[in-house]
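Heads up, the thing below is written out as structure tokens.
The values are calculated or read from the model by the stated rules, or taken from the named source; none is laboratory data. Not measured: the values here are computed from a predicted model. In this analysis, Cβ positions are derived from the backbone assuming ideal geometry, glycine residues included, and neighbour counts consider all displayed protein chains.
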Amino acid sequence: MTQSLCQITDLTTAELNDVFELCSKMKKGEISPRPLEGKSVACIFTKESLRTRISFEVGINELGGHAIYVTGSEIKLGQRESVADAARVLSRYVGMIMIRTFAQSDVDELARYASVPVVNGLTDLVHPCQVLGDYFTIMEHLGPKERYKVAYVGDTNNVTNSWLNLASLVPLDFRIGTAADFQPTPEFIARAKANPNSKILQTDDPKEAVADADVVYTDVWASMGQKHLADKKAEKLGKYQLNSSLLAVANPKAIVMHCLPAVRGGEITDEVMDGPQSVVFDQAENRLHIQKAIMTFLLK
């Protein structure tokens, strides 16, 4: 049966470890697999992108393949024809499908009917490649640890949901600091709490969330398609800004993460984003490496 990555929970803990090991070896140049040699990958974007598009196209090229960029207006997924039929047709032409879109149901249906692997580049619900790249970055910078303390402050979103998915598979002390109106999806909280090796904290006190954290993570307050809510969100989330005073309560060796794009002076200050504890651009680079590892793993 064809294996896809629609959410992190599509992988087992053992498979996650295999992906991270593969990523490490590929990034170091110890191995240079080309599983896409002579194949093409359909890259469907109904949501615009900088990092996702470039990192996937570069990665596909480095794996020997050819990326075909398809816009939402071209494919009109689920409108011109059913998602199931599109999946069946694309599977006759390409060796893999990558999609960045709004509805998780479109990704799930593509994977259900495609006979080639499908990779979720982002949906409104989850962002698996981002969080797998983030976790790889944490391991690189902090070394092995029984359970990393990761504090996520600000607006919760698809990235938060994917962190909770990860916490259901690996030991994680995951703290969410946000206002009551911005708590994550309950099903993701429940899934993470079901892992006896993980700890999940929800609080409206940013300093409680960040206290002694190994990693302090934030994301833009108004995501793509929510710019009309930016001012209203800023009013409610102002105290969750990742600034030097908030970072001061974390572990002195803590690293700072942001999945980008960032609103400097909004959810994060210039001082912190450009400071010595920031690994923001390392994690951006690692999107390339983890996606290459994911594609290689799925094509094994």
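A quick yes/no check of all residues on (1) of a type in the set (D, E, K, R); (2) surrounded by 15 or more Cβ atoms within 10 Å (Cβ to Cβ); (3) more than 21 Å from Leu132 (Cα to Cα):
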residue: Ser223; (1), (2), (3): no, yes, no
residue: Leu229; (1), (2), (3): no, no, yes
residue: Lys232; (1), (2), (3): yes, no, yes
residue: Ile255; (1), (2), (3): no, yes, no
residue: His258; (1), (2), (3): no, yes, no
residue: Pro261; (1), (2), (3): no, no, no
residue: Gly265; (1), (2), (3): no, no, yes
residue: Val279; (1), (2), (3): no, yes, no
Query raised in the report: Would segment 223-234 turn up any residue that is out of contact with any strand residue (DSSP E or B) (no Cβ under 7 Å at 6 or more places or on another chain), of a type in the set (Lys, Arg) and closer than 13 Å to Trp163 by Cβ?
Result: no
Report task. Considering every residue within segment 121-140, establish whether at least one is surrounded by fewer than 20 Cβ atoms within 10 Å (Cβ to Cβ), among the hydroxyl-bearing types (Ser, Thr, Tyr), not in a helix (DSSP H, G or I) and not assigned by TED's automatic domain parsing to the domain that holds Thr156. Result -> no
Query raised in the report: Which residue, of Gln277, Gln291, is assigned by TED's automatic domain parsing to the domain that holds Gly64 and in contact with a strand residue (DSSP E or B) (Cβ under 9 Å, 6 or more places away or on another chain)?
Result: Gln291
Query raised in the report: Could you say which residue among Leu50, Leu90, Leu36, Leu22 is within 23 Å of Asp134 (Cβ to Cβ) and surrounded by 13 or more Cβ atoms within 10 Å (Cβ to Cβ)?
Result: Leu22
Query raised in the report: Regarding Val116, is this residue over 18 Å from Gly72 (Cα atoms) and crowded, with 18+ Cβ neighbours inside 10 Å?
Result: yes
Report task. Output the number of residues of segment 57-104 satisfying the condition of being part of a helix (DSSP H, G or I), in contact with a Ser or Thr (Cβ under 9 Å, 6 or more places away or on another chain) and modelled with pLDDT of 95 or more. Result -> 9
Report summary line: Those residues of segment 20-38 that are assigned to a helix (DSSP H, G or I), over 22 Å from His66 (Cα atoms) and not small (Gly, Ala, Ser) come to a total of 4
Requested in this report: Could you check, for segment 157-174, whether at least one of its residues is assigned to a loop (DSSP other than H, G, I, E, B), among the aliphatic types (A, V, I, L, M) and surrounded by 19 or more Cβ atoms within 10 Å (Cβ to Cβ)?
Outcome: yes
Query raised in the report: Which of the helices (runs of 4 or more DSSP H) contained wholly in segment 205-300 include at least 2 residues that are without any contact (Cβ under 8 Å) to a residue 24 or more places away in the chain and closer than 29 Å to Leu22 by Cβ?
Result: 280-298
Report task. With respect to Val107, determine if the residue is surrounded by 17 or more Cβ atoms within 10 Å (Cβ to Cβ), of a type outside the set (Ser, Thr, Tyr), in a loop (DSSP other than H, G, I, E, B) and touching a Ser or Thr at 6+ places or on another chain (Cβ under 8 Å). Result -> no
Query raised in the report: Before we move on, is Arg51 among the charged types (D, E, K, R), in contact (Cβ under 8 Å) with a residue 40 or more places away in the chain, touching a strand residue (DSSP E or B) at 6+ places or on another chain (Cβ under 6 Å) and closer than 30 Å to Ser168 by Cβ?
Result: no
Report task. Quick one: which residue in Asp214, Asp274 is under 20 Å from the mean Cα position of the chain (by Cα), among the charged types (D, E, K, R) and surrounded by fewer than 22 Cβ atoms within 10 Å (Cβ to Cβ)? Result -> Asp214
Query raised in the report: Restricting the search to segment 1-19, which residues are assigned to a loop (DSSP other than H, G, I, E, B), aliphatic (A, V, I, L, M) and in contact (Cβ under 8 Å) with a residue 12 or more places away in the chain?
Result: Leu11
Requested in this report: Could you run through segment 61-93 and say how many residues are aliphatic (A, V, I, L, M) and touching a Lys or Arg at 6+ places or on another chain (Cβ under 7 Å)?
Outcome: 1
Query raised in the report: Here are Lys227, Lys199: which of them is at pLDDT 95 or above and farther than 14 Å from Gly154 by Cβ?
Result: Lys199
Requested in this report: Could you list, in sequence order, all residues of segment 220-270 that are of a type in the set (Lys, Arg) and either more than 27 Å from Thr101 (Cα to Cα) or within 19 Å of the chain's Cα centre (by Cα) (or both)?
Outcome: Lys236, Lys239, Lys253
